[in-house]
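Have a look at the structure below before the remarks.
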Amino acid sequence: MTQPLLSVRDLSIRFGSTEVVDRLSFSIARGETLGLVGESGCGKSVSSLSLLGLLPRQAEVTGSIRLDGQELTSLGQDAWRRVRGRRIAMVFQDPMTALNPLLSVGRHLEEVLGVHQGIRGEAARSEAIGWLDRVGIPDPSRRMASHPHELSGGMRQRVLIAMALAGKPDLLVADEPTTALDVTIQAQILDLLANLRRELSMSMLFITHDLGVVEQVADRLAVLYAGRLAEDGPVEQVLAQPRHPYTEGLLGSVPGFRPRSGRLRSIPGQVPSATAWPQGCRFHPRCERAQGICRTDTPVPTPAPTIACHFPVEEAT
(Lines give C-alpha, C1' and ligand atoms only; values in the text may rest on other atoms or scores of the structure.)
Protein backbone atom coordinates (compact mmCIF):
# COMPACT_ATOMS: atom_id res chain seq x y z
CA MET A 1 0.00 0.00 0.00
CA THR A 2 1.40 3.42 -0.97
CA GLN A 3 2.54 5.54 1.96
CA PRO A 4 0.45 8.73 2.33
CA LEU A 5 2.20 12.06 1.93
CA LEU A 6 0.84 13.27 5.28
CA SER A 7 -0.13 11.00 8.14
CA VAL A 8 -1.58 12.46 11.35
CA ARG A 9 -2.14 9.96 14.16
CA ASP A 10 -3.65 10.60 17.60
CA LEU A 11 -2.86 14.31 17.46
CA SER A 12 -3.78 16.07 20.70
CA ILE A 13 -3.20 19.76 21.44
CA ARG A 14 -3.45 21.30 24.90
CA PHE A 15 -3.07 24.79 26.28
CA GLY A 16 -2.44 24.24 29.97
CA SER A 17 -5.32 22.12 31.26
CA THR A 18 -7.48 22.85 28.20
CA GLU A 19 -7.47 20.22 25.47
CA VAL A 20 -8.57 21.75 22.16
CA VAL A 21 -7.84 18.77 19.87
CA ASP A 22 -8.26 15.17 21.04
CA ARG A 23 -6.61 12.20 19.28
CA LEU A 24 -7.22 13.45 15.75
CA SER A 25 -6.16 11.09 12.95
CA PHE A 26 -6.28 11.55 9.19
CA SER A 27 -4.05 11.17 6.15
CA ILE A 28 -3.59 12.83 2.76
CA ALA A 29 -2.34 10.94 -0.29
CA ARG A 30 -0.10 12.46 -2.94
CA GLY A 31 -2.11 14.64 -5.28
CA GLU A 32 -5.19 14.44 -3.03
CA THR A 33 -7.26 17.25 -1.51
CA LEU A 34 -8.76 16.66 1.92
CA GLY A 35 -11.52 19.01 3.01
CA LEU A 36 -11.63 19.65 6.76
CA VAL A 37 -14.97 21.10 7.90
CA GLY A 38 -16.77 21.97 11.10
CA GLU A 39 -18.26 24.90 12.96
CA SER A 40 -16.12 27.65 14.47
CA GLY A 41 -14.43 26.40 17.63
CA CYS A 42 -14.08 22.80 16.46
CA GLY A 43 -10.27 22.95 16.22
CA LYS A 44 -9.74 23.22 12.45
CA SER A 45 -7.31 26.12 12.39
CA VAL A 46 -5.28 25.10 15.45
CA SER A 47 -4.84 21.63 13.89
CA SER A 48 -3.60 23.16 10.65
CA LEU A 49 -1.10 25.38 12.48
CA SER A 50 0.35 22.30 14.17
CA LEU A 51 1.24 20.88 10.74
CA LEU A 52 3.67 23.78 10.24
CA GLY A 53 4.95 24.08 13.80
CA LEU A 54 3.27 27.48 14.16
CA LEU A 55 1.50 26.98 17.47
CA PRO A 56 2.62 29.20 20.37
CA ARG A 57 5.20 27.81 22.77
CA GLN A 58 2.67 27.14 25.51
CA ALA A 59 0.87 24.62 23.30
CA GLU A 60 1.53 20.98 24.20
CA VAL A 61 1.38 18.73 21.13
CA THR A 62 1.32 14.93 21.40
CA GLY A 63 0.78 12.22 18.82
CA SER A 64 2.40 11.91 15.42
CA ILE A 65 2.59 14.12 12.32
CA ARG A 66 4.55 12.45 9.53
CA LEU A 67 5.34 14.09 6.20
CA ASP A 68 6.59 11.57 3.66
CA GLY A 69 7.63 9.36 6.57
CA GLN A 70 9.46 12.11 8.49
CA GLU A 71 8.22 12.80 12.01
CA LEU A 72 7.59 16.53 12.42
CA THR A 73 6.53 16.86 16.06
CA SER A 74 10.10 16.42 17.32
CA LEU A 75 11.69 18.99 15.00
CA GLY A 76 13.63 21.97 16.34
CA GLN A 77 13.11 25.47 14.96
CA ASP A 78 15.92 25.24 12.39
CA ALA A 79 14.52 22.00 11.02
CA TRP A 80 10.99 23.47 10.95
CA ARG A 81 12.25 26.35 8.80
CA ARG A 82 13.42 23.84 6.23
CA VAL A 83 9.94 22.30 6.14
CA ARG A 84 7.80 25.45 6.13
CA GLY A 85 7.35 26.89 2.68
CA ARG A 86 9.54 24.27 1.05
CA ARG A 87 7.63 21.09 1.99
CA ILE A 88 4.39 22.49 3.48
CA ALA A 89 3.04 25.96 2.69
CA MET A 90 -0.01 27.80 3.95
CA VAL A 91 -2.54 30.25 2.54
CA PHE A 92 -4.19 32.17 5.38
CA GLN A 93 -7.74 33.45 5.58
CA ASP A 94 -7.02 37.19 5.66
CA PRO A 95 -4.37 38.32 3.16
CA MET A 96 -4.34 41.86 4.55
CA THR A 97 -2.94 40.65 7.87
CA ALA A 98 -0.75 37.94 6.30
CA LEU A 99 1.06 40.39 4.00
CA ASN A 100 3.53 43.02 5.24
CA PRO A 101 2.07 46.47 4.41
CA LEU A 102 5.58 47.96 4.15
CA LEU A 103 6.79 45.55 1.46
CA SER A 104 5.92 45.55 -2.22
CA VAL A 105 4.38 42.50 -3.88
CA GLY A 106 7.68 41.85 -5.64
CA ARG A 107 9.65 41.97 -2.39
CA HIS A 108 7.30 39.43 -0.79
CA LEU A 109 7.81 36.96 -3.62
CA GLU A 110 11.54 37.56 -4.01
CA GLU A 111 12.06 36.81 -0.29
CA VAL A 112 10.22 33.48 -0.65
CA LEU A 113 12.25 32.56 -3.72
CA GLY A 114 15.51 33.48 -2.02
CA VAL A 115 14.80 31.48 1.14
CA HIS A 116 13.24 28.37 -0.39
CA GLN A 117 14.68 28.19 -3.91
CA GLY A 118 18.00 30.04 -3.53
CA ILE A 119 17.03 32.36 -6.40
CA ARG A 120 18.06 36.03 -6.08
CA GLY A 121 18.57 39.16 -8.09
CA GLU A 122 17.18 39.47 -11.60
CA ALA A 123 16.43 35.75 -11.73
CA ALA A 124 14.21 36.11 -8.66
CA ARG A 125 12.42 39.09 -10.18
CA SER A 126 11.75 37.19 -13.39
CA GLU A 127 10.50 34.14 -11.47
CA ALA A 128 8.28 36.33 -9.28
CA ILE A 129 6.68 37.96 -12.32
CA GLY A 130 6.07 34.48 -13.72
CA TRP A 131 4.24 33.40 -10.55
CA LEU A 132 2.07 36.53 -10.53
CA ASP A 133 1.13 35.79 -14.11
CA ARG A 134 0.46 32.16 -13.23
CA VAL A 135 -2.06 33.08 -10.53
CA GLY A 136 -3.89 35.44 -12.88
CA ILE A 137 -2.72 38.89 -11.81
CA PRO A 138 -2.94 41.26 -14.81
CA ASP A 139 0.14 43.26 -15.83
CA PRO A 140 2.36 41.37 -13.37
CA SER A 141 5.50 43.43 -14.10
CA ARG A 142 3.74 46.62 -12.97
CA ARG A 143 2.15 44.93 -9.97
CA MET A 144 5.57 43.94 -8.63
CA ALA A 145 5.90 47.50 -7.30
CA SER A 146 2.41 47.59 -5.73
CA HIS A 147 1.84 47.36 -1.98
CA PRO A 148 -0.93 45.23 -0.41
CA HIS A 149 -3.27 48.17 0.23
CA GLU A 150 -3.21 48.99 -3.48
CA LEU A 151 -4.70 45.61 -4.42
CA SER A 152 -8.24 44.25 -4.21
CA GLY A 153 -9.02 41.42 -1.78
CA GLY A 154 -9.03 38.88 -4.59
CA MET A 155 -5.66 40.07 -5.91
CA ARG A 156 -4.13 39.99 -2.43
CA GLN A 157 -5.31 36.40 -2.05
CA ARG A 158 -3.71 35.56 -5.40
CA VAL A 159 -0.43 37.06 -4.16
CA LEU A 160 -0.60 34.82 -1.06
CA ILE A 161 -1.19 31.79 -3.27
CA ALA A 162 1.76 32.75 -5.48
CA MET A 163 3.98 33.11 -2.40
CA ALA A 164 2.87 29.72 -1.05
CA LEU A 165 3.45 27.92 -4.35
CA ALA A 166 6.73 29.66 -5.21
CA GLY A 167 8.44 27.36 -2.70
CA LYS A 168 7.08 24.38 -4.69
CA PRO A 169 5.67 22.60 -1.63
CA ASP A 170 4.41 19.03 -1.55
CA LEU A 171 1.41 20.06 0.58
CA LEU A 172 -0.60 23.28 0.56
CA VAL A 173 -2.70 24.10 3.64
CA ALA A 174 -5.50 26.53 2.72
CA ASP A 175 -7.27 27.88 5.81
CA GLU A 176 -10.61 29.43 4.79
CA PRO A 177 -8.90 31.09 1.79
CA THR A 178 -12.13 32.39 0.20
CA THR A 179 -14.23 33.39 3.22
CA ALA A 180 -13.61 37.14 2.90
CA LEU A 181 -14.25 37.23 -0.87
CA ASP A 182 -17.44 37.81 -2.82
CA VAL A 183 -19.00 34.86 -4.64
CA THR A 184 -17.57 35.67 -8.08
CA ILE A 185 -13.99 36.11 -6.83
CA GLN A 186 -14.40 33.05 -4.59
CA ALA A 187 -15.21 30.90 -7.62
CA GLN A 188 -12.14 32.22 -9.45
CA ILE A 189 -9.84 31.44 -6.51
CA LEU A 190 -11.28 27.92 -6.16
CA ASP A 191 -10.73 27.25 -9.86
CA LEU A 192 -7.21 28.63 -9.60
CA LEU A 193 -6.32 26.37 -6.67
CA ALA A 194 -7.81 23.31 -8.37
CA ASN A 195 -5.93 23.97 -11.60
CA LEU A 196 -2.61 24.63 -9.86
CA ARG A 197 -2.98 21.52 -7.72
CA ARG A 198 -3.36 19.39 -10.84
CA GLU A 199 -0.58 21.19 -12.69
CA LEU A 200 1.90 20.87 -9.82
CA SER A 201 0.79 17.38 -8.65
CA MET A 202 0.39 18.87 -5.19
CA SER A 203 -1.63 17.70 -2.19
CA MET A 204 -3.92 20.09 -0.35
CA LEU A 205 -5.64 20.40 3.01
CA PHE A 206 -8.59 22.72 2.47
CA ILE A 207 -10.14 24.05 5.69
CA THR A 208 -13.60 25.59 5.51
CA HIS A 209 -17.01 25.78 7.14
CA ASP A 210 -18.66 25.87 3.69
CA LEU A 211 -19.83 22.46 2.48
CA GLY A 212 -20.62 23.86 -0.96
CA VAL A 213 -16.99 24.89 -1.36
CA VAL A 214 -15.60 21.57 -0.16
CA GLU A 215 -17.84 19.73 -2.64
CA GLN A 216 -16.08 21.62 -5.45
CA VAL A 217 -12.47 21.13 -4.40
CA ALA A 218 -12.06 18.03 -2.21
CA ASP A 219 -11.53 14.35 -2.94
CA ARG A 220 -12.17 13.36 0.68
CA LEU A 221 -14.01 15.05 3.51
CA ALA A 222 -13.16 15.00 7.22
CA VAL A 223 -15.70 16.43 9.67
CA LEU A 224 -14.39 17.80 12.96
CA TYR A 225 -16.53 18.44 16.03
CA ALA A 226 -15.36 19.76 19.41
CA GLY A 227 -11.75 18.77 18.72
CA ARG A 228 -12.55 15.21 17.61
CA LEU A 229 -12.98 13.59 14.22
CA ALA A 230 -16.64 12.74 13.61
CA GLU A 231 -16.52 11.35 10.07
CA ASP A 232 -14.02 10.88 7.24
CA GLY A 233 -14.62 9.44 3.78
CA PRO A 234 -14.83 10.14 0.04
CA VAL A 235 -16.51 13.51 -0.43
CA GLU A 236 -19.28 12.19 -2.69
CA GLN A 237 -20.11 9.42 -0.21
CA VAL A 238 -20.15 11.64 2.87
CA LEU A 239 -22.27 14.34 1.23
CA ALA A 240 -24.71 11.88 -0.33
CA GLN A 241 -24.99 9.53 2.66
CA PRO A 242 -23.73 11.12 5.91
CA ARG A 243 -23.44 8.57 8.71
CA HIS A 244 -22.62 10.81 11.69
CA PRO A 245 -25.62 12.76 13.07
CA TYR A 246 -23.47 15.93 13.16
CA THR A 247 -22.63 15.63 9.47
CA GLU A 248 -26.27 14.98 8.68
CA GLY A 249 -27.20 18.07 10.70
CA LEU A 250 -24.67 20.25 8.89
CA LEU A 251 -25.97 19.12 5.51
CA GLY A 252 -29.58 19.60 6.60
CA SER A 253 -28.90 23.25 7.44
CA VAL A 254 -27.32 24.19 4.09
CA PRO A 255 -29.40 25.23 1.05
CA GLY A 256 -28.54 23.06 -1.93
CA PHE A 257 -28.06 19.87 0.10
CA ARG A 258 -31.39 18.10 0.41
CA PRO A 259 -32.06 16.69 3.88
CA ARG A 260 -34.26 13.63 4.14
CA SER A 261 -37.21 15.70 5.35
CA GLY A 262 -36.97 18.00 2.35
CA ARG A 263 -36.76 21.04 4.66
CA LEU A 264 -33.84 23.01 6.02
CA ARG A 265 -33.26 22.58 9.73
CA SER A 266 -30.76 23.81 12.29
CA ILE A 267 -28.68 21.95 14.85
CA PRO A 268 -29.86 22.99 18.34
CA GLY A 269 -27.34 24.57 20.68
CA GLN A 270 -23.75 25.42 19.84
CA VAL A 271 -20.26 23.96 19.93
CA PRO A 272 -19.29 23.66 23.61
CA SER A 273 -16.31 25.55 25.00
CA ALA A 274 -12.99 23.72 25.07
CA THR A 275 -12.89 24.39 28.81
CA ALA A 276 -16.09 22.39 29.32
CA TRP A 277 -16.21 19.52 26.81
CA PRO A 278 -19.10 17.12 27.57
CA GLN A 279 -18.24 13.63 28.80
CA GLY A 280 -18.70 10.74 26.37
CA CYS A 281 -19.62 11.76 22.83
CA ARG A 282 -19.13 15.51 22.68
CA PHE A 283 -22.05 15.92 20.28
CA HIS A 284 -24.59 14.19 22.52
CA PRO A 285 -26.13 17.39 24.05
CA ARG A 286 -27.18 18.45 20.52
CA CYS A 287 -27.98 15.01 19.09
CA GLU A 288 -31.51 13.69 18.69
CA ARG A 289 -30.17 10.10 18.48
CA ALA A 290 -28.28 10.24 21.80
CA GLN A 291 -28.81 7.47 24.33
CA GLY A 292 -27.30 6.66 27.71
CA ILE A 293 -23.99 5.30 26.43
CA CYS A 294 -23.43 8.51 24.44
CA ARG A 295 -23.31 10.51 27.67
CA THR A 296 -20.65 8.31 29.29
CA ASP A 297 -18.50 6.55 26.66
CA THR A 298 -16.37 8.11 23.93
CA PRO A 299 -17.21 6.42 20.59
CA VAL A 300 -14.34 4.55 18.97
CA PRO A 301 -13.83 5.55 15.30
CA THR A 302 -14.44 2.77 12.78
CA PRO A 303 -11.86 1.96 10.10
CA ALA A 304 -12.12 3.92 6.84
CA PRO A 305 -14.58 5.30 6.04
CA THR A 306 -14.40 6.66 9.57
CA ILE A 307 -17.47 7.21 11.74
CA ALA A 308 -17.11 8.01 15.45
CA CYS A 309 -20.65 7.41 16.68
CA HIS A 310 -22.45 4.85 18.86
CA PHE A 311 -25.62 5.09 16.76
CA PRO A 312 -24.70 6.21 13.23
CA VAL A 313 -27.31 7.15 10.67
CA GLU A 314 -28.41 4.06 8.78
CA GLU A 315 -27.14 3.63 5.24
CA ALA A 316 -29.72 4.01 2.49
CA THR A 317 -30.87 0.73 1.01
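The values are calculated or read from the model by the stated rules, or taken from the named source; none is laboratory data. As the structure is a computational prediction, the values presented were derived from the model and not from experiment. Here Cβ is always computed from backbone atoms with ideal geometry, including for glycine, and neighbour counts include all displayed protein chains. Just so you know, the surface numbers come from the protein's heavy atoms only, side chains and all, with ligands and any DNA or RNA stripped out. Shrake-Rupley method; radii C 1.70, N 1.55, O 1.52, S 1.80 Å.
Condition (residue is farther than 22 Å from Phe15 by Cβ, acidic (Asp, Glu) and over 16 Å from the mean Cα position of the chain (by Cα)) applied to segment 83-95: is it met by at least one residue? Among the residues of segment 83-95, not one is farther than 22 Å from Phe15 by Cβ, acidic (Asp, Glu) and over 16 Å from the mean Cα position of the chain (by Cα), which makes the answer no. Within segment 290-307, the residues that satisfy the criterion of being out of contact with any Cys (no Cβ under 8 Å at 6 or more places or on another chain), under 17 Å from Val223 (Cβ atoms) and part of a loop (DSSP other than H, G, I, E, B) are Val300, Pro301, Thr302, Pro303, Ala304, Pro305. Annotation note: of Arg243, Arg286, Arg282, the sole residue that is closer than 26 Å to Arg220 by Cβ and in contact with an Asp or Glu (Cβ under 8 Å, 6 or more places away or on another chain) is Arg243. Each residue in segment 88-123 was checked for being surrounded by 21 or more Cβ atoms within 10 Å (Cβ to Cβ), in a helix (DSSP H, G or I) and in contact with a Leu (Cβ under 8 Å, 6 or more places away or on another chain), and 4 pass.
Taking segment 176-285 and the strands (runs of 3 or more DSSP E) fully enclosed by it, the elements with 1 or more residues that are open to solvent by 40 Å² or more (accessible area, probe 1.4 Å) and in contact with a helix residue (DSSP H, G or I) (Cβ under 9 Å, 6 or more places away or on another chain) are at 220-225.
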